[in-house]
Amino acid sequence: AAGASAVIVSNDGRAGLVGMIGDATGLTIPAVFASSEAGQDLYSTPGATVTVTVDYFAEERITYNVFAETNTGDDANVVMAGAHLDSVQAGAGINDNGSGSAALLETAIQMQRVEPTNTVRFAWWGAEEEGLLGADYYVSNLTPEEIDDIALYLNFDMIGSPNYVYGVYDGDNSSGTAPEGFIPAGSAEIEDVFEQFYASQGLPFQDTEFSGRSDYGPFIAVGIPAGGLFTGAEGIKTEEEAARFGGLAGVAYDPCYHQLCDNLTGEGQDEVLYKDLARSVKQRLTGNVNRTALDVNSDALASAIITFAFDTSSLAG
Ligand code: PHE
Ligand code: ZN
Ligand code: ZN
Ligand code: ZN
């Protein structure tokens, strides 16, 4: 049952959820003792739950969300954009998710030069990897009125994968994978804005899973339309994708996903694989971020945020 959720129950009785059975079967389980029910797979593996008893203590920590907000704009029509700032314990998380965090930060800095019509609220989430804890905490502490004041949420988690595709969250459910009522109205129009950006650059793009497996999950769960970008994680690039996007077929989009080698030094990366990858995508052996993908997606992100900062009327409802 690849991709199944696993409930991890520790020897002191605390329980948490991990996104993939692969984490549990090898018992190479990261610290996942979030005492939260927030899973990373909201629907991709219904009912597939296993209980694993783990024989070690997890550390408890306090972690933080970081926010920045424009001084001008309509507070009753807030455009939110976020990226998670934490990584798994295994590594520094440079593609996952230094990439999204850095692109969002640069956009926030550049946006000081404009006065948007709508309030723009940037969020850098903590503890995404432990089960969307930061975003879940934020959303669950909003009043109904505050929820109503958020026009949309844009999410950026892994936007520079070394063997990338340009993936746009499937807000119109054209892949037909989301259950009835799962995706809030307006998400299709958000998908359109990103797609129009890639089209305007003459670049290929494709739908990617809109499953709740990142910080937008708690937002769509309360009916806030959402969208975002994703260049791929542990999944394997197909021949078709390699033909459209370049890169290597039969290789993970991010071969260092959730590993120590998700870094900017190249240390720990498989020499042969990365040499092939580097040659195929014309990147230097300087770690786990494809600079072209990061550059393009930074522009895509900025373009979508600035579009909605001035006008959200394309959103249904
Ligand atoms: N949330 C996943 C992680 O941080 C990455 C991911 C994003 C997976 C979007 C699927 C879709 O590891
Ligand atoms: Zn991750
Ligand atoms: Zn991530
Ligand atoms: Zn779609």
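The values are calculated or read from the model by the stated rules, or taken from the named source; none is laboratory data. All of these numbers come straight from a predicted model, not from anything done at the bench. Cβ sites come from the backbone with ideal geometry, for glycine too, and all protein chains shown count toward neighbours.
For the reader, a short list of remarks on this structure follows.
- Test: residue in segment 76-85 that is under 17 Å from the mean Cα position of the chain (by Cα) and either within 11 Å of ligand 2 (Cβ to nearest atom) or outside the structural domain of residue 123 (by TED's automatic domain parsing) (or both): yes
- Residue 178 meets the conditions (1) crowded, with 24+ Cβ neighbours inside 10 Å; (2) within 16 Å of ligand 4 (Cβ to nearest atom); (3) not in a helix (DSSP H, G or I) in every case but one. The failed one is (1).
- Candidates in segment 138-175 are the residues that are of a type in the set (S, T, N, Q) and surrounded by fewer than 22 Cβ atoms within 10 Å (Cβ to Cβ); of these, the one that is farthest from ligand 1 (Cβ to nearest atom) is 143.
- Residue in segment 288-297 that is crowded, with 19+ Cβ neighbours inside 10 Å, acidic (Asp, Glu) and closer than 30 Å to residue 110 by Cα present: no
- Screening 97, 118, 77 for residues that are in contact (Cβ under 8 Å) with a residue 12 or more places away in the chain, in contact with a strand residue (DSSP E or B) (Cβ under 9 Å, 6 or more places away or on another chain), within 15 Å of ligand 3 (Cβ to nearest atom) and of a type outside the set (Gly, Ala, Ser) leaves exactly one candidate, 97.
- Restricting segment 99-137 to residues that are surrounded by 21 or more Cβ atoms within 10 Å (Cβ to Cβ) and farther than 21 Å from residue 218 by Cα leaves a set whose member that is farthest from ligand 2 (Cβ to nearest atom) is 118.
- Taken together, 192, 149, 207, 172 contain a single residue that is more than 13 Å from ligand 3 (Cβ to nearest atom), without any contact (Cβ under 8 Å) to a residue 40 or more places away in the chain and in the same structural domain as residue 78 (by TED's automatic domain parsing), which is 172.
- Yes/no for residue 138 being hydroxyl-bearing (Ser, Thr, Tyr) and within 16 Å of the chain's Cα centre (by Cα): no
- Of all the criteria given as (1) within 25 Å of residue 149 (Cβ to Cβ); (2) of a type in the set (A, V, I, L, M, F, W, C); (3) more than 12 Å from ligand 1 (Cβ to nearest atom); (4) not in a helix (DSSP H, G or I), the one not satisfied by residue 92 is (1).
- Positions within segment 65-89 being surrounded by 23 or more Cβ atoms within 10 Å (Cβ to Cβ) and either within 16 Å of ligand 4 (Cβ to nearest atom) or assigned to a loop (DSSP other than H, G, I, E, B) (or both), in sequence order: 85
- Scanning segment 97-130 for residues that are farther than 17 Å from residue 83 by Cβ and either of a type in the set (Gly, Ala, Ser) or not in a loop (DSSP other than H, G, I, E, B) (or both) gives 112, 113, 118, 119.
- In segment 142-175, the residues that are among the polar types (S, T, N, Q) and either more than 16 Å from ligand 4 (Cβ to nearest atom) or assigned to a loop (DSSP other than H, G, I, E, B) (or both): 143, 161, 163, 173, 174, 175
- Test: residue in segment 244-266 that is within 16 Å of ligand 1 (Cβ to nearest atom), among the basic types (Lys, Arg) and surrounded by 14 or more Cβ atoms within 10 Å (Cβ to Cβ): no
- One residue stands out in segment 185-212 among those that are away from ligand 4 (no atom under 14 Å from the Cβ) and crowded, with 22+ Cβ neighbours inside 10 Å: the one that is farthest from residue 84 (Cα to Cα), namely 197.
- Selection of segment 81-117 for residues being hydrophobic (A, V, I, L, M, F, W, C) and within 21 Å of residue 130 (Cβ to Cβ) yields 83, 85, 88, 90, 92, 94, 104.
- Wholly enclosed helices (runs of 4 or more DSSP H) of segment 222-317 bearing at least 3 residues of a type outside the set (Gly, Ala, Ser) and under 23 Å from the mean Cα position of the chain (by Cα): 239-245, 291-310
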